[in-house]
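The values are calculated or read from the model by the stated rules, or taken from the named source; none is laboratory data. Please read these numbers as outputs of a predicted model, since none were measured by experiment. We place every Cβ from the backbone using ideal geometry, glycine too, and count neighbours over all the protein chains shown. Ligands, DNA and RNA are excluded from the accessible area calculation, which covers all protein heavy atoms including side chains. Shrake-Rupley method; radii C 1.70, N 1.55, O 1.52, S 1.80 Å.
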Amino acid sequence: MLHLPDPPRTNTLATLEESYELCRQVTAKYSKTFYWGSALMPLAKRRAIWAIYVWCRRTDELVDGPMAKLTTPETLDDWERRLEQLFGGHALDDSDVALVDTIGRYNLDIQPFRDMIAGQRMDLYRSRYQTYEELELYCYRVAGTVGLMTTPVLGVASEPTRAPWDGFLQMQTSPDRNPDDPTERAIALGIANQLTNILRDVGEDRHRGRIYLPLEDLERFRYTEQDLMNGVVDDRWRALMQFQIQRARTIFDSAAKGIRLLHPDARWPVWAALMLYSRILHSIERNGYDVFNKRAYVPTTGKVRCLPVALMRSQVL
């Protein structure tokens, strides 16, 4: 489980201010890109984003953290029951205090949180995805849901006409799909971020026996699982990665079209977050697609250069 910095101790849980400060520290430590984006928001929204991030990270660490080998389906059942208590207004530890406040302040819905737990369940029994459609469902659950969790905090110009998770499940085929539904664009941003994570972390994931790239894509480029496990970087691999990067960029472009639907004070930070995350794809390219031996990241100077461009886009696009 994620180790949280200890606040000044009393016989009770942390105060609200202490809890939000814990969440700020964790976000700053573990997700610099997320933290950079949140820093551009008004304080109340910023703190809510930190509280949501910490819950998401703790959920992810159940299957990817140092104690993941001890996680069972029953562990996730217990975590979901704990979630229900949070939505009932009952904080169980220090970081929960901030999340309970955020849930009430922004009237968050529990379903995206449940869906994220369902994504962690997938990681318990799946280490391969045959098709992109299968992978996309996983990406929705572990990352697209973050868009749904945070949209009420960011604020939107118009309300969606149906439950946002229903919109996602229908978004590829539904004839009455609403292209101006901000929640669908928020889901797209989460999926694009997760695809970027997958491409960046191929080398790390193979050491855990996991391959998130769709097996049908490996077959298309005649690149084998064994090649991936051996870290082979050749023309086949480069072509495969170019294909995956273009897919992620297409989804980033779709997500960008929804930023204008957000509340004005959320547009700059979301543009910044989108640009910063998508630049990881540029880093992969600069590294010659060698994600086995080189870590793709955006340096601080690159992050700073993004900010004025993101501000301009938030005002004119």
Need one number: convex hull volume per residue for region 166-317, Cα atoms only, in Å³. 126 Å³
Roughly what angle does helix 111-125 make with the longest principal axis of the chain, taking Cα atoms, 0 to 90 degrees, to the nearest 10? 40 degrees
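With a 1.4 Å probe and every protein chain left in place, work out the accessible area per residue of region 1-113 in Å², rounded to a whole number. Numbers along the way, then the final one.
Details: 5510 Å² over 113 residues.
Solvent-accessible surface per residue comes out at 49 Å².
Protein chains only, probe 1.4 Å: how do F87, F292 rank by accessible area, largest first? Display every interim value, and only then the final one.
Values: F87 55, F292 25 Å².
The ordering from most to least exposed comes out as F87, F292.
Go through 283-289, 94-100, 126-132, 48-54 and give me the packing order, highest mean Cβ count within 10 Å leading. The partial results should precede the final answer.
Details: 283-289: 16.9, 94-100: 23.6, 126-132: 14.6, 48-54: 26.3.
By packing density, highest mean first, the sequence is 48-54, 94-100, 283-289, 126-132.
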How big is the chain along each principal axis, measuring the range of its Cα positions in Å and listing the largest first? 59, 49, 44
Calculate how steeply helix 94-106 sits against the longest principal axis of the alpha-carbon atoms of the chain, using the helix alpha-carbon long axis, and give the answer as 0 to 90 degrees to the nearest 10. 90 degrees
Amide H neighbours of V156 at under 5 Å, excluding residues fewer than 5 places away on the same chain, with H built from the backbone geometry, are H263
Could you work out how far apart the two model spin labels at R114 and Q25 are, taking each label as a point 7 Å from the Cα in the direction of the beta carbon, and quote it in nm? 3.4 nm
Mean ellipticity per residue at 222 nm, deg cm²/dmol - from DSSP H runs of n ≥ 4 across the chain, formula -39500 (n - 2.57): -21000 deg cm²/dmol
Rounded percent of accessible protein surface that carbon and sulfur make up, the chain, 1.4 Å probe: 52 percent
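Out of every Cα-Cα pair in region 193-265, what percent are more than 20 Å apart? Walk me through the numbers before you get to the answer.
On the way: 972 of 2628 pairs.
That tail contains 37 percent of the Cα-Cα pairs.
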Using θ = phi - 60° and Karplus 6.51 cos²θ - 1.76 cosθ + 1.60, couplings along region 208-222 (whole Hz; Gly, Pro as x): 9, x, 10, 10, 8, 5, x, 5, 5, 6, 4, 5, 4, 9, 6
Compute the FRET efficiency between D78 and R247 as 1/(1 + (r/R0)^6), taking r as their Cβ-Cβ distance and R0 = 35 Å, and round to the nearest 0.05. 0.45
Please name whichever of A248, P308, P264 sits farthest to the positive end of the charge dipole of the chain, dipole taken about the Cα centre and charges placed at Cβ: Lys and Arg +1, Asp and Glu -1. P308
Mind checking which lysines have their C-alpha under 26 Å from K45, skipping anything on the same chain fewer than 8 residues away? K29, K32, K257, K303
Could you state the orientation-averaged shadow area of the convex hull built on the Cα atoms of region 27-146, in nm² to one decimal? 8.0 nm²
Under the Karplus relation 6.51 cos²θ - 1.76 cosθ + 1.60, θ = phi - 60°, what is the ordered set of whole-Hz ³J(HN,Hα) values for region 230-236, x standing for Gly and Pro? 8, x, 6, 10, 9, 4, 4
Placing unit charges on C-beta atoms (Lys and Arg positive, Asp and Glu negative, everything else neutral), compute the dipole magnitude of the chain about its Cα centre in debye, rounded to 20. 1160 debye
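Rolling a 1.4 angstrom probe over the protein heavy atoms, how many square angstrom per residue are accessible across region 211-317? Please report the intermediate quantities before stating the final value.
Values: 5270 Å² over 107 residues.
For region 211-317, the per-residue accessible area is 49 Å².
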Unit charges on C-beta of K, R, D, E only; dipole of region 198-317, Debye: 540 debye
